[in-house]
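Below: one structure, written as structure tokens.
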Amino acid sequence: MNNRIKNAFASKQNLLNLYFTAGYPGLHDTLPLAKALVAAGADILEIGMPFSDPLADGPVIQRSSSAALANGMNLPVLFGQLQELRAAVPETPVLLMGYLNPVLQYGMEAFLKKAAEVGVDGLILPDLPLDEYEEMYHPLFQKYGLKAVFLVTPQTSEARIRRLDALSEAFLYLVSGPGTTGGTTLPDVEAQQEYFQRISAMNLKNPRLIGFGIADKTGFDRACEHADGAIIGSALIRALEDTDDAPATAARFVQGIKHA
Amino acid sequence: MTPSYQQPTARGYYGEFGGAFIPEMLYPNVEELRTRYLEILADPDFQIDLQHLLRDYVGRPTPLFEAKRLSERYGTRVFLKREDLCHTGAHKINNTVGQILLAQRLGKKRIIAETGAGQHGVATATVCALMGLPCVVYMGATDIERQAPNVARMRLLGAEVRAVTSGSQTLKDATNEAIRDWIANPVDTHYIIGSVVGPHPYPDLVARLQAVISEEMRTQLLEKTGTELPDFVVACVGGGSNAAGAFYHFLDEPSVRLIAVEAAGHGIHSGHSAATSVLGTPGIIHGSRTLLMQDEHGQITEPYSLSAGLDYPGIGPLHAHLGASGRAEFIAITDDDALKAVSELSRLEGIIPALETAHALAALGQLGAGPNDVVVVNLSGRGDKDLETYLKNMDKII
Ligand SMILES: Cc1ncc(COP(=O)(O)O)c(C=O)c1O
């Protein structure tokens, strides 16, 4: 099977992974946004499955999630959109990010099967406990060829990072500091450097992307000094909040990060 | 030997309910608590401090009062466990006293909490004042409006009350916001959760701290009735902490019928209800697998109850298990029937109950209890905080 995630990390450096919420700003914006982002230089797409109670998300993604749900987004609708999306961007890795409850209501195996069918490459389910993943779901992920992406924080112990690294076949998602997505507090740069360097020195098997609170080119470039790239979400969503032309705004946003 | 209902498994499961479904950002916090709570609770110094505070500060043991006129009205023997007489006016402080001592032993310097009716927020603000720790309480904007006296009390006690404007602006949303605060403050902050909800070990921790209610009941019943075991224990369930405390030492006594009373709001199937045991299906809320109200796509739906403390779309995993296994029976009471129970207790016994508690009282007529049966109702709180609601609904009360 074509391992798009592996290919992306093997063939490129300083990868830009963009998060956006499915069905936002309009229900049918998912596909045009994805096309515009990829055409402008996005290396990985992380598509948010909106949830009513997104515990790990800050206000911007909370708002986009509520709006997407109000627009009528749900998993059956999203899977329909993803089918077209895969045809439109055949080589770009697509990850789904979301909370466990909607997935469990759909049925974990049915969800994995459908996700694989429509060309999803990997999943980020932040509230899926590692023990349960390892015992119950890892074999199912493998059966359907889906890669799990795990979050690492400055507080995650070395032993646990090694376990996460062993269980993942995609990349590790380094959360830049304490806080929910879009975190606005200025990071303690020294502590952050120490954290990124500590993890670089571990010689993990997976590549690493840094995310949370990265908003612009400066932040992206700084993250790339310490990892294989970065993830940007809230800043993109914020740009989409007041625009009439979401794809054009998204494209400009990516150009501003990658080519400015 | 049949397994005990009291203890969850090592991973925090009661039957198929419980666990810890948390993002990695919360893992170190929750793990620290999970690995330390039992050892700290069992520590003799901790117990000395806890017993001292429960006695001299909270005012325990709370009385078990035989309600003669209420008994006559329902043709059975009704006892009231007077948690309304605890300092701050509800059972909530049993938990906050224990958790603040735990937080100190974990070296935490800042306390956060969520609150619905404001009773848990007040109980948390109170122990923070006592220990000199800064306190932030998250409260839904809707609840800030309907429980104004408790907001004033929290502020007077030095706590910062942060209004939550997401979702239905009630307890669920306040809990989300408290969890987000904990994510942003992973080292110095302890989250004092207010009910037997949340990721393991919270349901077990809070149940253990509230278990003093049923421990006292057994001693008091022996004194007053000649036997430690009643026929019924009745308690209201929001998240389920006062019920967990009232049931705890009877969970493994099958002769005792455990009655959990939920809020039916305008009626169970009216679309405006918080009767989770009927309307809920298994899913994950606030880090726990339990019964919750959700739509077909797994989006959590908005509950409704006139009572801010019962306005929650889930129940603790212990209660989900007690319901699924048949160990506890669930009854749902409407706003209007709860309001009637407020006036009944006020006029028959001279006790004005909290609106949450009134739901438990309103279930008395549905128990089928006989004249020789002993029924204990857990009187979880007093009604001062609800006076404005009672005034607005005087036509329904009288
Ligand atoms: C007096 C009283 N009883 C009951 C409750 C419901 O909580 P729980 O189900 O955790 O006891 C509350 C919550 O605010 C309360 O204030």
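Just so it is clear, none of the values below were taken in a lab; they were calculated from the coordinates. Keep in mind that this is a model prediction, so the values were computed, not measured. Cβ: placed from backbone, ideal geometry, glycine included. Neighbour counts: every protein chain shown.
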Quiz item: Hey, can you list the DSSP H helices of chain B whose Cα span along the axis is 15 Å or longer and whose average Kyte-Doolittle score is at least 0.0?
Solution: B:119-131
Self-check item: Exceeding the 30 Å Cα-Cα cut-off - candidates A:Lys6/A:Lys114; A:Lys6/A:Lys217; A:Lys114/A:Lys217
Solution: A:Lys114/A:Lys217
Quiz item: Could you give the alpha-carbon Rg of region A:130-193 over 2.2 N^0.38 Å, rounded to two decimals?
Solution: 1.33
Exercise. Treat the count of other C-beta atoms within 10 Å as a stand-in for reagent exposure and order A:Val60, A:Val189 from fewest to most.
Key: A:Val189, A:Val60
Quiz item: Cα centroids of region B:56-115 and region A:220-241: how far apart, whole angstrom?
Solution: 49 Å
Quiz item: Semi-axes of the equivalent ellipsoid of region B:23-123: what are they in whole Å, largest first, if each equals the square root of 5 times a C-alpha gyration tensor eigenvalue?
Solution: 33, 17, 13
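Cβ under 15 Å from A:Gly233's Cβ, A:Gly233 left aside: what net charge do those residues give with Lys, Arg +1 and Asp, Glu -1? Don't skip to the answer; put the middle values down first.
Details: positive: A:Arg63, A:Arg238; negative: A:Asp43, A:Glu46, A:Asp57, A:Asp216, A:Glu241.
Result for the local shell: -3.
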Exercise. Name the most mobile residue of B:Gln294, B:Gln51, B:Gln147, meaning the one with the largest mean-square fluctuation, in a Gaussian network model of chain B with Cα contacts below 10 Å.
Key: B:Gln51
Practice problem: Would you tell me the mean number of C-beta atoms belonging to other protein chains that fall within 10 Å of each C-beta in B:173-180, as a whole number? | Solution: 3
Exercise. For chain A, return all DSSP H helices satisfying: extent of Cα atoms along own axis at least 20 Å; mean Kyte-Doolittle hydropathy at least 0.5.
Key: none
Practice problem: Please report the relative contact order for region A:4-258, taking Cα pairs under 8 Å with a sequence separation of at least 6, and give it as a percent rounded to a whole number. | Solution: 24 percent
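Considering the convex hull of the alpha carbon atoms of region B:50-201, report its projected area averaged over all viewing directions, in nm², one decimal.
So the Cα hull casts an average projection of 10.5 nm².
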Self-check item: Averaged over A:125-132, number of beta-carbon atoms from partner chains that fall within 10 Å
Solution: 5
Quiz prompt | Top of B:Leu130, B:Leu33, B:Leu339 by mean-square fluctuation, Gaussian network on chain B, Cα under 10 Å | solution = B:Leu130
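Net charge around B:Ala263, counting only other residues with Cβ within less than 9 Å of its Cβ (Lys, Arg = +1; Asp, Glu = -1)?
Local charge sum for B:Ala263: -4.
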Quiz prompt | Cα convex hull of the protein assembly as shown - mean projected area over all directions, nm² | solution = 28.8 nm²
Quiz item: What is the sum of charges around B:Ser168, taking Lys and Arg as +1, Asp and Glu as -1, for the other residues whose C-beta is under 9 Å from the C-beta of B:Ser168?
Solution: -2
Quiz item: Rounded to the nearest 5, what % of the DSSP beta bridges within the protein assembly as shown are antiparallel ones?
Solution: 20 percent
Quiz item: When all C-alpha to C-alpha distances in region A:143-235 are sorted into bins of 10 Å, what percent of pairs does each bin hold, rounded to whole numbers?
Solution: 16, 52, 27, 4, 0
Quiz item: If amide H atoms are built 1.01 Å from N in the plane of the peptide, which residues on other chains or at least 5 residues away come under 5 Å of the amide H of B:Thr334?
Solution: B:Ala264
Practice problem: Using the number of other C-beta atoms within 10 angstrom as an exposure proxy, rank A:Phe150, A:Phe171 with the fewest first. | Solution: A:Phe150, A:Phe171
Quiz item: In units of 2.2 N^0.38 Å, what is the alpha-carbon radius of gyration of region A:4-258?
Solution: 0.93
Self-check item: For region B:217-243 and region A:18-64, distance of Cα centres in Å
Solution: 52 Å
Quiz item: When chain B is treated as a GNM, springs tying every alpha-carbon pair under 10 Å, which of B:Arg382, B:Arg153, B:Arg69 comes out with the largest mean-square fluctuation?
Solution: B:Arg69
Quiz item: For chain B, what number of Lys pairs, 8 or more residues apart or on separate chains, have alpha-carbon atoms under 16 Å from each other?
Solution: 7
Exercise. Highest first, please rank the peptides B:326-332, B:160-166, B:208-214 by the mean number of other Cβ atoms sitting within 10 Å of their residues.
Key: B:208-214, B:326-332, B:160-166
Quiz item: Among the Cys residues of chain B, which have no other cysteine Cβ under 4.7 angstrom away?
Solution: B:Cys86, B:Cys236
Quiz item: Tell me, what is a quarter of the convex hull surface for the C-alpha atoms of chain B, in nm² with one decimal?
Solution: 17.8 nm²
